[in-house]
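> Handing you this structure, nothing more for now.
The values are calculated or read from the model by the stated rules, or taken from the named source; none is laboratory data. Not measured: the values here are computed from a predicted model. Quick reminder, even Gly has a Cβ in these numbers, built from the backbone with ideal geometry, and neighbours come from all protein chains shown.
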Amino acid sequence: MACGLVFSPGDYGEVAPSAPDADAGPAPDAAPEGDADLPDGDLVSARVLLFAGRRAAVPGEPDAVAVAETMRTTLSPSGELGPWTFDVSPSSAAVWTRAAMVGETLLLQSSSTVLQAPLANGRFDAGWSPLPYRSSAPEGFFRGWIVSDAGMTAAGGQVEGAFTTNVYVAPFDLRDGGIEPWEESSSKLVKARGDVTLIRAGSFLYAVGGRDNGASTASGRDEVEVARFEADGGLGAFEETTRLADPAADAAAFRVLFPVTAAGAGHLFVIGGQTNASGALSDVALAAKIDVATGKLGAWVALPRLPAPMSAAAALVFGDRVLVFGGRLGEAQSDGVLALPIAPDGSFGATWEKIGTLPAPRSGLAAVVY
């Protein structure tokens with residue numbers, strides 16, 4: 001008889017985190033949000049925090065297992081990863097969807113949970129604590145997103161079996177440690193749908209994909225809409241912009257649920273995701289140029305296909321590269337860190353380059369660079 005034990009740092013509460021690199025140095029003056037482009041000019045090495053997520057099941061386990069892990073590395077201006085270390089694990093395990101810096105507070109989000117942790121000069125001064133919602137989701141198929149330092153935003157949902165165009169906001173109350181009740185905004189989507197992915201690029205908020213029926217076989221949607229944040233932080237009306245299409249497939253509509261998204265280098269990126277609610281995955285990766293005056297998108301450009309269909313990865317733009325960390329590959333998880341070069345003329349590399357590996361295969365990831 002033979003037996004074995006499989007574990008990883010963060011799977012169990014008693015595992016002590018590694019200390020951050022002693023020579024990491026002070027954080028850069030500009031600390032962009034996860035969706036924001038980094039400043040132009042000469043880049044310095046940046047810190048990357050990566051939060052997982054899920055690991056693959058081992059024999060005897062019926063499904064992938066949730067883990068609570070914080071992984072840390074550095075990223076050089078030339079796109080080289082430093083060594084991985086582990087830091088203070090999140091206080092709960094979840095499939096993470098967004099990480100963001102708000103001042104010196106790090107926020108980590110899943111579909112239903114928001115955690116916060118102080119992060120001064122790149123170091124956790126204290127542990128994680130929940131940032132609880134003070135009201136329940138007002139609609140079904142409802143997904144909130146961190147899109148600003150003001151609070152959560154959600155667009156679309158379902159009421160009494162009908163999908164809606166409603167937009168809601170829930171302000172942060174970091175002083176008292178909570179999220180204020182959801183309030184309906186005057187902003188509306190153009191297309192009624194739910195499970196919409198929101199991503200911010202500068203002054204613009206994009207509503208990507210989603211679904212418009214509740215069936216387990218429901219297809220994703222190809223709609224992309226854009227709204228502008230006003231000077232007072234309010235959100236203007238959503239407008240239609242270029243629908244998702246795959247130029248490599250005769251410009252066929254690309255309908256997607258839960259895509260991996262990133263914004264930077266003047267583009268919006270949509271990477272992989274599910275083509276339907278039953279979990280079929282895509283290897284399509286797309287980019288569209290953002291009009292800085294209006295927020296409208298240009299034609300979608302087909303990026304090289306991913307090495308395999310995937311979802312639940314983390315993506316960010318750093319300098320002249322798009323980076324993708326891990327991801328779900330059907331029943332398996334990826335340990336790859338992929339990079340796609342962005343040329344000075346705005347064109348993209350011919351293939352995704354594997355520039356490193358995670359400490360172990362993971363999905364349900366969120367990343368922040370600062």
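> Can you name every residue in segment 194-249 that is touching a Phe, Trp or Tyr at 6+ places or on another chain (Cβ under 9 Å), of a type in the set (Gly, Ala, Ser) and assigned to a loop (DSSP other than H, G, I, E, B)?
Within segment 194-249, 202, 203, 209, 210, 214, 220, 236 qualify.
> Another question about this same structure. Within segment 306-357, which residues are surrounded by 23 or more Cβ atoms within 10 Å (Cβ to Cβ) and hydroxyl-bearing (Ser, Thr, Tyr)?
Listed by number, the residues that qualify are 311, 334.
> For segment 202-212, does any single residue satisfy the condition of being more than 22 Å from the chain's Cα centre (by Cα) and either within 24 Å of residue 115 (Cα to Cα) or at pLDDT below 95 (or both)?
no
> Within segment 268-285, take every residue that is surrounded by fewer than 23 Cβ atoms within 10 Å (Cβ to Cβ) and in contact (Cβ under 8 Å) with a residue 60 or more places away in the chain and give me the one that is nearest to the chain's Cα centre (by Cα).
277
> Would you mind finding the one in 167, 159 that is among the aliphatic types (A, V, I, L, M) and in contact with a Ser or Thr (Cβ under 7 Å, 6 or more places away or on another chain)?
Working: 159 fails: in contact with a Ser or Thr (Cβ under 7 Å, 6 or more places away or on another chain).
Every option except 167 fails the conditions.
> Turning to a different aspect of this structure: Would you check which residues across segment 308-343 are more than 25 Å from residue 77 (Cβ to Cβ) and either touching an Asp or Glu at 6+ places or on another chain (Cβ under 8 Å) or free of Cβ contacts under 8 Å to residues at least 12 places away in the same chain (or both) and list them?
Hits for segment 308-343 are 308, 309, 310.
> I would also like to ask the following. Of all residues in segment 281-322, how many are at pLDDT 95 or above and part of a loop (DSSP other than H, G, I, E, B)?
Selection size over segment 281-322: 20.
> Within segment 245-253, is even one residue under 21 Å from residue 306 (Cβ atoms), surrounded by 19 or more Cβ atoms within 10 Å (Cβ to Cβ) and without any contact (Cβ under 8 Å) to a residue 40 or more places away in the chain?
No, every residue in segment 245-253 fails to be under 21 Å from residue 306 (Cβ atoms), surrounded by 19 or more Cβ atoms within 10 Å (Cβ to Cβ) and without any contact (Cβ under 8 Å) to a residue 40 or more places away in the chain.
> Okay, moving on. Given 303, 257, which one is crowded, with 16+ Cβ neighbours inside 10 Å, over 17 Å from the mean Cα position of the chain (by Cα) and not acidic (Asp, Glu)? Steps first, please.
Details: 257 fails: over 17 Å from the mean Cα position of the chain (by Cα).
The match here is 303.
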